[in-house]
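The values are calculated or read from the model by the stated rules, or taken from the named source; none is laboratory data. What you are looking at is a predicted structure, and each value in this text was computed from that prediction instead of being measured. Counting neighbours? That spans all protein chains shown, and the Cβs are built from the backbone with ideal geometry, glycine included.
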């Protein structure tokens with residue numbers, strides 16, 4: 001085993017510190033259970049010698065009862081020790097799952113933008129499950145098999161050192177085989193986990209975009225893509241199975257050959273009078289113990305090798321440093337007025353291509369700031385910087401005069417509501433999706449928010465009303481209905497800063513007018529940032545920032561920008577002509 005593998009396993013076991021007492025008691029129980037089991041062959045030796053050599057019935061009865069007592073004791077201790085160890089293992093895995101998931105929620109959007117969701121899901125489920133097998137299996141079995149192996153070897157030497165030499169020749173060969181095959185199995189196990197993650201990612205991507213798959217009639221293509229990944233997984237898994245079974249077959253063949261030699265040589269020792277029949281039976285029993293222990297330890301090594309590969313991936317997630325974290329001296333923003341200022345802010349997703357360049361503006365509480373410009377101008381990115389979904393490369397963003405980097409993320413975002421263009425709903429009820437805006441809201445407050453968002457009418461048309469399930473990502477609702485649910489969620493939150501990214505883009509004209517009225521009511525109580533490609537929806541904005549290639553090229557009111565000419569007027573005239581012809 002490599003040092004790195006041992007370090008990985010130590011890190012897994014370090015998670016057991018809160019359960020050290022239970023773990024210690026379980027280890028001692030397993031230890032005593034194994035020691036009791038080692039005493040059984042010695043009892044059998046005395047029993048056989050009492051029958052064949054002495055013909056003593058009283059001794060036979062006594063030893064029989066003692067052996068029954070040993071079996072009962074061993075069974076009880078073995079059960080309790082294994083159960084307690086497995087409990088600790090399952091508890092460690094549960095803690096690990098929670099820790100990984102909590103850490104994932106602390107990572108920035110940039111991390112998720114660079115990772116496939118299926119790969120992350122695979123690490124959280126498949127890889128953690130592999131670690132569970134290592135903890136619950138290798139820990140308990142490793143202790144018992146090691147004690148059984150060492151104890152059996154020692155007692156065999158005590159019974160007949162000449163016969164023990166057969167085992168001593170076999171064990172080093174098996175140790176070399178374990179090391180050789182174990183390293184290969186470990187590498188292949190890591191590859192299997194990687195392939196499994198790729199397979200999960202492909203399936204999740206296709207099923208998550210099933211409407212697009214069907215609309216382009218790409219069912220066969222996606223099936224082929226998934227089948228290709230499955231075959232790659234099978235090919236790698238086949239190699240792992242090949243080496244695992246080759247290893248097991250080699251161990252089994254070597255062990256059975258050793259047992260035949262022990263039978264032959266032990267028989268000659270009995271005939272020569274240097275060994276009793278009881279000694280030979282006990283010796284054979286210990287030889288089987290050694291074979292069972294070596295088999296168990298090789299199985300442990302196989303599971304351990306798989307777990308090390310999985311743990312590297314899981315701990316890789318835990319070691320991922322959040323790009324955005326709270327400053328040690330960050331304050332909690334208890335109340336917010338909603339004043340926002342950008343001071344020379346620049347941003348890029350990578351070092352080569354800047355997305356925002358020297359953005360500079362400020363707005364007062366209650367202002368409506370509209371962002372206009374062609375696609376790719378950086379409007380959505382600008383909005384994402386306000387709640388610190390991403391961190392500015394340079395410059396400073398202030399809320400109520402305080403740098404957002406000096407405000408805790410949770411308190412900052414508690415005053416901000418976001419209604420994105422791509423609505424994210426959970427596969428629960430309509431009520432629970434709206435209540436996500438404020439978890440302590442009453443049913444009446446949820447319904448009031450739905451009424452203001454013009455969602456109450458279509459909700460009540462459903463047989464289950466507010467308890468209707470929306471399906472995965474809200475697939476059972478139309479785009480406009482999903483958007484109204486998201487707006488109701490924002491209304492319920494009662495934010496001081498509202499970020500609207502094409503919030504009414506999926507609504508028909510009648511619904512848009514109604515929802516726009518609801519948004520107007522909400523806008524009066526907060527600072528609002530609006531992105532809208534339809535310039536008619538932002539004519540009443542306090543300030544319109546016109547962006548192009550990551551820069552603010554114009555700013556002013558609707559009338560001022562029309563009089564000024566330039567990009568805004570060109571965009572307005574294009575939309576006006578389209579409206580005339582439509």
The condition of being surrounded by fewer than 21 Cβ atoms within 10 Å (Cβ to Cβ), out of contact with any strand residue (DSSP E or B) (no Cβ under 6 Å at 6 or more places or on another chain) and either under 30 Å from residue 376 (Cβ atoms) or not assigned by TED's automatic domain parsing to the domain that holds residue 375 (or both) holds, among 354, 322, only for 322
Of the candidates 388, 313, 292, 299, the one satisfying the condition of being over 30 Å from residue 149 (Cα atoms) and in the same structural domain as residue 143 (by TED's automatic domain parsing) is 313
Residue 433: passes all of (1) part of a loop (DSSP other than H, G, I, E, B); (2) under 33 Å from the mean Cα position of the chain (by Cα) but (1)
For strands (runs of 3 or more DSSP E) lying entirely in region 367-429, having 3 or more residues that are within 29 Å of the chain's Cα centre (by Cα) and under 22 Å from residue 107 (Cα atoms) picks out 416-419
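Take residues that are farther than 30 Å from residue 447 by Cβ and at pLDDT 75 or above and tell me which of the strands (runs of 3 or more DSSP E) falling wholly in region 466-582 contain 1 or more. Don't jump to the end; show me each part of the working.
Values: elements: 497-501, 527-531, 543-548, 551-556.
In region 466-582, the matching strands (runs of 3 or more DSSP E) lie at 543-548, 551-556.
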- prompt: If you go through region 379-395 one residue at a time, do you hit one that is surrounded by fewer than 16 Cβ atoms within 10 Å (Cβ to Cβ) and more than 17 Å from residue 324 (Cα to Cα)?
  reply: no
Counting only helices (runs of 4 or more DSSP H) wholly inside region 77-167, the ones holding at least 1 residues that are over 20 Å from residue 190 (Cα atoms) are 109-113, 139-159
